[in-house]
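The values are calculated or read from the model by the stated rules, or taken from the named source; none is laboratory data. Predicted model only: the values in this text are computed from it and were never measured. Here the Cβ positions follow ideal geometry from the backbone for every residue, glycine too, while neighbour counts run over all protein chains shown.
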């Protein structure tokens, strides 16, 4: 079992959630139940799955939850690109979010390799 609160990846994922909430707060109100909701849920899923997996009894179980966190990270990355395409965010905002998401994706992959 791993203490998720000590994992740098979980800490960075929490910060990403905050950034996604701040960024999406300026989206058009008609996106509240569309892209805003999707992006927020995907971002929340990343640290949540890391935490849940860390509490499982085996590395194989933890790895399975890391797979789900990774999937959510790729989903969020796509949604960031779509937000730029729809002109809801600036290129600077897109670059910042994508950089943070890709860092987490790499960290998830490294953590998975260390568990195998």
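Scan the stretch 1-13 for residues that are part of a helix (DSSP H, G or I) and within 19 Å of residue 109 (Cβ to Cβ) and the total you get is 7. Does residue 69 satisfy the criteria of being in contact (Cβ under 8 Å) with a residue 40 or more places away in the chain and either over 13 Å from the mean Cα position of the chain (by Cα) or closer than 23 Å to residue 115 by Cα (or both)? Yes; evaluated as a whole, the condition is true for this residue. Residue-level check: of (1) on the phi > 0 side of the Ramachandran plot; (2) not in a loop (DSSP other than H, G, I, E, B), residue 87 misses just (2).
Quick one: would you say residue 108 is over 17 Å from residue 18 (Cα atoms), modelled with pLDDT of 95 or more, crowded, with 17+ Cβ neighbours inside 10 Å and out of contact with any strand residue (DSSP E or B) (no Cβ under 6 Å at 6 or more places or on another chain)? Let's see the steps before the verdict.
On the way: over 17 Å from residue 18 (Cα atoms): yes; modelled with pLDDT of 95 or more: yes; crowded, with 17+ Cβ neighbours inside 10 Å: yes; out of contact with any strand residue (DSSP E or B) (no Cβ under 6 Å at 6 or more places or on another chain): yes.
When the stated conditions are applied, residue 108 passes them.
Give the number of residues within the stretch 20-51 that are buried (at least 16 other Cβ atoms within 10 Å of the Cβ) and part of a helix (DSSP H, G or I).
Of the stretch 20-51, the ones buried (at least 16 other Cβ atoms within 10 Å of the Cβ) are 20, 23-24, 27, 31, 35-36, 38-40, 42-51.
Imposing the further condition that a residue be part of a helix (DSSP H, G or I) reduces the set to 20, 23-24, 31, 35-36, 38-40, 42-51.
Residues flagged as buried (at least 16 other Cβ atoms within 10 Å of the Cβ) and part of a helix (DSSP H, G or I) within the stretch 20-51 amount to 19.
Exactly one residue out of 100, 64, 41, 56 is at pLDDT below 95 and touching a helix residue (DSSP H, G or I) at 6+ places or on another chain (Cβ under 9 Å), and it is 56.
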